[in-house]
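J.: One structure is given below, represented as structure tokens, and several questions about it will come after.
The values are calculated or read from the model by the stated rules, or taken from the named source; none is laboratory data. Fair warning: this is a prediction, and the values are worked out from it, not measured in the lab. Cβ atoms come from the backbone with ideal geometry, glycine included; neighbour counts cover every protein chain shown.
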Amino acid sequence: MVTVFLKNDNLKVNVSAGKSFREIARKSGASMEFGCRVGDCSTCVAKIVKGNNLLNKINDKEILALNAMGANDENLRLMCQCVVEASEGEIEISYFF
Ligand code: FES
């Protein structure tokens with residue numbers, strides 16, 4: 001299991017590999033905001049405080065959206081595009097909306 005700490009909501013959830021953050025947010029009741037859910041609007045931007053290496057690799061849509069925002073922090077991701085890939089470890093997320 002991977003432990004995900006959703007910092008803004010002070011929530012800790014255990015998830016298995018393959019879980020998307022859309023699903024994690026919905027099931028945990030986290031206040032993380034989503035808009036388009038397809039990587040276009042950047043509403044779901046968040047900082048991966050810990051465990052970025054446990055997620056899927058950043059995709060082209062995310063790179064485009066983050067560049068458009070002027071973001072140059074490799075730990076910023078769009079949560080609607082993120083999936084837990086590892087089967088063990090700890091992830092900590094801090095979101096902006
Ligand atoms: S919800 Fe629009 S980019 Fe993630």
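J.: Restricting region 49-63 to residues that are farther than 16 Å from Lys19 by Cα and touching a strand residue (DSSP E or B) at 6+ places or on another chain (Cβ under 7 Å), which is surrounded by the fewest Cβ atoms within 10 Å (Cβ to Cβ)?
T.: Here the answer is Val49.
J.: Could you list, ordered by first residue, the pairs with Cβ atoms under 7 Å in which the first is in region 20-48 and under 17 Å from Ile91 (Cα atoms) and polar (S, T, N, Q) and the second is in a strand (DSSP E or B) and at pLDDT 95 or above, at least 6 apart or interchain?
T.: Pairs that qualify, where the first residue is under 17 Å from Ile91 (Cα atoms) and polar (S, T, N, Q) and the partner is in a strand (DSSP E or B) and at pLDDT 95 or above, are Ser20/Val83; Ser28/Leu6; Ser28/Leu11; Ser28/Val13.
J.: Output the strands (runs of 3 or more DSSP E) that fall wholly within the chain and possess 2 or more residues being of a type in the set (Asp, Glu), or say none.
T.: Correct list: 89-95.
J.: Looking only at region 21-35, which residues are surrounded by 13 or more Cβ atoms within 10 Å (Cβ to Cβ) and within 11 Å of the ligand (Cβ to nearest atom)?
T.: Hits for region 21-35 are Phe21, Arg22, Ala25, Met32, Glu33, Phe34.
J.: Sticking with this one: Hey, could you check region 36-48 for residues that are within 14 Å of the chain's Cα centre (by Cα) and within 11 Å of the ligand (Cβ to nearest atom) and say which is surrounded by the most Cβ atoms within 10 Å (Cβ to Cβ)?
T.: Filtering region 36-48 for residues that are within 14 Å of the chain's Cα centre (by Cα) and within 11 Å of the ligand (Cβ to nearest atom), the one surrounded by the most Cβ atoms within 10 Å (Cβ to Cβ) comes out as Cys44.
J.: Within region 18-59, track down each residue that is of a type in the set (A, V, I, L, M) and over 12 Å from Leu6 (Cα atoms).
T.: Of everything in region 18-59, those that are of a type in the set (A, V, I, L, M) and over 12 Å from Leu6 (Cα atoms) turn out to be Val38, Val45, Leu54, Leu55, Ile58.
J.: Just to check your reading of the model, which residue among Leu6, Leu54 is away from the ligand (no atom under 14 Å from the Cβ), touching a helix residue (DSSP H, G or I) at 6+ places or on another chain (Cβ under 8 Å) and at pLDDT 95 or above?
T.: The unique qualifying residue is Leu6.
Residues are listed down the side, and each one gets a yes or a no for (1) β-branched (Val, Ile, Thr); (2) at positive phi:
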| residue | (1), (2) |
| --- | --- |
| Val2 | yes, no |
| Phe5 | no, no |
| Lys12 | no, no |
| Ser16 | no, no |
| Ser31 | no, no |
| Gly39 | no, yes |
| Val45 | yes, no |
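J.: On to the next question. Pairs under 7 Å by beta carbon, first residue within 16 Å of the ligand (Cβ to nearest atom) in region 72-97, partner part of a loop (DSSP other than H, G, I, E, B) and aliphatic (A, V, I, L, M), six or more apart or different chains?
T.: Once the first residue is within 16 Å of the ligand (Cβ to nearest atom) and sits in region 72-97, its partners that are part of a loop (DSSP other than H, G, I, E, B) and aliphatic (A, V, I, L, M) give Arg77/Ile58; Met79/Met32; Cys80/Val38; Tyr95/Met32.
J.: May I ask you to say which residue of Leu6, Leu11 is more than 16 Å from Ala86 (Cβ to Cβ) and in contact (Cβ under 8 Å) with a residue 60 or more places away in the chain?
T.: Leu6
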